[in-house]
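Here, each number is a calculation from the coordinates, and none is a lab measurement. Only a predicted model underlies this, so the values are computations on that prediction, with no experimental measurement involved. Quick reminder, even Gly has a Cβ in these numbers, built from the backbone with ideal geometry, and neighbours come from all protein chains shown.
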Amino acid sequence: MSEVLCIPGPVTVDADVERAFAGPIRPHYGDAGVAQHRELGGLLRAVMRTEGDVVMLFGPGTAGLEAALASALAPGDEVLVVRNGFFGDRLAEIATALGLRVHPVGAGGRQPARAADLRAARAAHPGARALAVVHHETSYGLVNPVRDLCEVAREEGLLTVVDAVASLGGIPLEVDRWSVDLCVGVANKCLGAPVAVAPVSVSRRAWAAIDDGRPKAAGWYLNLATWRRYERDWGDWHPYPVTMPANAMEALAEALRGIQRRGLACHQARLAAAAARVRRELRALGFQMLVPDEHASPVTTAVCALPGMDVAHYLRWMRVEHGLRLGGGLGELHDCVFRVGHMGAAARPGVVDEYLRATADYVSAFAVPRALTKHGS
């Protein structure tokens, strides 16, 4: 039985994307490579809602985040980081490893950061140069109000670094209108493509910070200035500083063409509809969601296990018996929460049907207590 990924990424891709990925090996440079580069850049700018530069790093989202922070900031710089989940904590770890001085925004926990939290953090640390925030915190299935936070950051003169790794293409995001200076995404989540490319949008303010003459934390590869130099000097035949995964880039282009044909709003609505249905029907089985609906992600749902439920057994049973791979909880939530992704094939109505039927069967077969009257609303 082929396995369908119902996790918060990577995703099971559509057949046309898979065919593009499996095509003959091709070079990433020359006339065809440059044409691919130009088309892919345009498609990514359309999804990111920016007219600025988009650098296509070869690597995971974490590489993009490190490049964004390290290229624009110098060791010793102060940065405000929203830490309300596993990946917010990771963002702080990356910044600390680069020699940046990290100050948290907000009280943490399972609540989105507020504009008031950022204002308070800025008042306490007037020397801070940047704000870094995770848009979609997949550990909790939580969405931070990036638009509001970036508005305050701009007023306060802060550079903004947004981790849109798990939100790009799946949750509304307006890089230019929201004044996002550095925005990092990936191909392999809401965009529905294979792992390989981490696009980074760079605003004029971000380039000015990169070029301000201070010695930055970046080395050579994860340095956005390096990538810009090759685009500028070698762009007519080899616009990258390294060998790029041309097949994976073609697969990403095919996925983006599909989003373009459907319309970005329709694409996002389809994922959100799958999430809403899963939450509604899991509640009918007695489950509680980890995050209230008003802060919940439309592309990942974190679910509290029923009393007496063995989460590890449930995840294994779903994978072995139904070919559906779900995500477990992270950190302290590993044995009491499971996570359902609504990206890629996991958003298909037939896959959602199978998942919900299988979960209902599991609850019945393994005598997991159902608290319909208490939690079913």
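What to note about this one:
- Between Asp236 and Arg357, the simple label model (points 7 Å from Cα in the Cβ direction) yields a spacing of 6.0 nm.
- Taking the average, over residues, of other Cβ atoms within 10 Å as the packing measure, peptides 229-236, 147-154, 184-191, 116-123 rank 184-191, 147-154, 116-123, 229-236 from highest down.
- Paramagnetic label zone (point 7 Å from Cα along Cα-to-C-beta, Asp148; backbone N under 14 Å) in segment 94-121: 106-107, 111-120
- For Arg90, net neighbour charge (Lys/Arg +1, Asp/Glu -1) across residues whose Cβ lies under 11 Å away: -4
- Antiparallel bridges, percent of DSSP beta bridges restricted to segment 15-260 (to nearest 5): 40
- Computed over the alpha carbons of segment 184-271, Rg followed by Dmax gives 15.8, 46 Å.
- In percent, rounded to a whole number, the relative contact order of the chain is 25, using alpha-carbon pairs under 8 Å and six or more apart.
- Computed E for Ala46/Ser364 - FRET, C-beta separation, R0 41 angstrom, nearest 0.05: 0.35
- Additional length obtainable on full extension of the chain from Arg19 to Arg261, 0.36 nm per residue less Cα span: 85.3 nm
- Spin-label model distance (nm) - Asp335 vs Arg319, 7 Å beyond Cα toward Cβ: 1.8
- Over segment 1-72, the alpha carbon radius of gyration divided by the compact-protein estimate 2.2 N^0.38 Å works out to 1.37.
- Helix axis angle, 246-262 relative to the chain longest principal axis, alpha carbon, degrees: 70
- Hypothetical label at Ala97: residues of segment 239-269 whose amide nitrogen lies under 11 Å (7 Å Cα-Cβ projection): none
- A crude spin-label estimate for the pair Ala284 and Arg270, with each label 7 Å from Cα along the Cβ direction, gives 2.4 nm.
- Whole-number Å³ per residue for the convex hull built on Cα positions in the chain: 128
- Sorted peptide list for 262-268, 67-73, criterion being average Cβ within 10 angstrom, highest first: 67-73, 262-268
- Under the Debye formula (equal points on every Cα, no solvent term), log10 I(q)/I(0) of segment 263-375 at q = 0.15, 0.19, 0.20, 0.23 Å⁻¹: -0.61, -1.00, -1.12, -1.47
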